[in-house]
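Report on one structure; see the data block that follows.
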Amino acid sequence: MGSVVFAVWFLWAAYLIPLSWCHTNTCRSYCGNITIDYPFALQYGCGHPGFRDLLFCMNEVLMFHVSSGSYRVLEIDYAYQALTLHEPHMSTCHNLVLGSRGNGFSVEPWRAPYMNPAADNVFMLIACSPRSPLFQGFPGKHLPCRNVSGMGCEEYLSCPAWEMMGHKRLGSASFFGSGPPECCAVPYQAIREINLTKLQCEGYSSAYSVAPLKVDGPGGWSYGIRVRYSVQGNDEFCGACEATGGTCGYGSDGIRQVCMCGDFNSTSNCDSVGIPSGARPTYTHDQVLAGLLTYVVLWMTCNQISKV
């Protein structure tokens, strides 16, 4: 009799386990060696709506697309909420790219609350016209050019790339004589958009701080664009969703957040949805444990009675 009771108990317990407990995260994916997880996603409907239509996987290369153009994603750091991007037309210490071919960086206004280049990311604008908006009011107006996290044009001009271009440093020499400098370093927050056409610049470079590590000279800088991201409202919705076994996503309107619970979606979490007609009931973790303990006690009691 004991084995029969145990079998009945096991089948009943398996039936009660919520589908959401067995639901795998179908939104988590991979591109090359990079994991794509919340708030990002490759599939429409997955992730946070503020990050939709942002990442694309092309031949195992993860690409990041915003209004200024496309960039290769080198890393997603979920702990520090940052992406590291590479752009082929961005100058480095060993290669200058001129001709206004670079993307620069800007995001759509509706994305701005969610992501922007990090405060310790420096943009060095190269060979900008004296008519550039950067220098309006020059020389009476204070220039926006300044070092960012210890990185700036004074050191960058010592890079081998400038020597290969035939550049020789002569104090404060510039392409325009006594005019604006040939290189102007700015933080993104100072101008809110790196657009080479609008700024009338020939090229740009970008580097970010790897603090607390300190490197000697621009040859050791980390070149690329470091973008910090955040989810507005502390993302309490997604926390509640994942705590009940769900996966965070958004509705067909591209705005409303939903909690995906296997065979149904919820507007809150996987434990607060009414049971549809004909559907299997969903119980909380505590309810299932209580049921299991009750049947263990009953099974042991039945064993004792059968031995009397």
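With the structure loaded, tell me whether Glu87 is of a type in the set (D, E, K, R) and open to solvent by less than 30 Å² (accessible area, probe 1.4 Å) or whether it fails that test.
When the stated conditions are applied, Glu87 passes them.
If Cys22 satisfies every condition in (1) touching a helix residue (DSSP H, G or I) at 6+ places or on another chain (Cβ under 7 Å); (2) open to solvent by 90 Å² or more (accessible area, probe 1.4 Å); (3) modelled with pLDDT under 90 but one, which is the exception?
(1)
Take the residues in region 190-235 that are open to solvent by 40 Å² or more (accessible area, probe 1.4 Å) and at positive phi; name whichever of them is modelled with the lowest pLDDT.
Within region 190-235, the match that is modelled with the lowest pLDDT is Asn234.
Name the residue, out of Pro139, Pro133, Pro113, that is closer than 30 Å to Gln81 by Cβ and either in contact with a Leu (Cβ under 6 Å, 6 or more places away or on another chain) or at pLDDT below 90 (or both).
Residue meeting the stated conditions: Pro113.
Spot the failing condition for Glu108; the list is (1) farther than 18 Å from Pro218 by Cα; (2) of a type in the set (Asp, Glu); (3) open to solvent by 50 Å² or more (accessible area, probe 1.4 Å), and only one is missed.
In the conditions (1) farther than 18 Å from Pro218 by Cα; (2) of a type in the set (Asp, Glu); (3) open to solvent by 50 Å² or more (accessible area, probe 1.4 Å), Glu108 misses (3) alone.
Return only the number of the condition from (1) small (Gly, Ala, Ser); (2) surrounded by 16 or more Cβ atoms within 10 Å (Cβ to Cβ); (3) more than 25 Å from Cys270 (Cβ to Cβ) that Gly69 does not satisfy.
Here Gly69 meets the rest and fails (2).
From (1) closer than 20 Å to Thr35 by Cα; (2) open to solvent by less than 40 Å² (accessible area, probe 1.4 Å), pick out the condition that doesn't hold for Leu134.
Leu134 satisfies every listed condition except (1).
Conditions tested, residue by residue: (1) out of contact with any Leu (no Cβ under 7 Å at 6 or more places or on another chain); (2) within 23 Å of Pro187 (Cβ to Cβ); (3) in contact (Cβ under 8 Å) with a residue 24 or more places away in the chain.
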{"position": "Tyr71", "(1), (2), (3)": "no, yes, yes"}
{"position": "Tyr78", "(1), (2), (3)": "yes, no, yes"}
{"position": "Gln81", "(1), (2), (3)": "yes, yes, yes"}
{"position": "Leu96", "(1), (2), (3)": "yes, yes, yes"}
{"position": "Gly102", "(1), (2), (3)": "no, yes, yes"}
{"position": "Ser106", "(1), (2), (3)": "yes, yes, yes"}
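What are the pairs, 6+ residues apart or on separate chains, where a residue within region 25-50 that is among the hydroxyl-bearing types (Ser, Thr, Tyr) has its Cβ under 6 Å from a residue that is in a loop (DSSP other than H, G, I, E, B)?
Cβ pairs passing all conditions: Ser29/Leu42; Tyr38/Gly47.
For region 28-40, check the following and say yes or no: at least one residue is on the phi > 0 side of the Ramachandran plot and surrounded by fewer than 17 Cβ atoms within 10 Å (Cβ to Cβ).
As a first pass, look at region 28-40 and keep what is on the phi > 0 side of the Ramachandran plot: 32.
Retained after the next criterion (residues that are surrounded by fewer than 17 Cβ atoms within 10 Å (Cβ to Cβ)): 32.
Within region 28-40 (the criterion being on the phi > 0 side of the Ramachandran plot and surrounded by fewer than 17 Cβ atoms within 10 Å (Cβ to Cβ)), the answer is yes, since at least one residue qualifies.
The values are calculated or read from the model by the stated rules, or taken from the named source; none is laboratory data. What you are looking at is a predicted structure, and each value in this text was computed from that prediction instead of being measured. No Cβ is skipped: glycine too gets one built from the backbone with ideal geometry, and neighbour counts run over all protein chains shown. When the accessible area is computed, the model is the full protein with side chains, heavy atoms only, and any ligands, DNA or RNA have been set aside. Shrake-Rupley method; radii C 1.70, N 1.55, O 1.52, S 1.80 Å.
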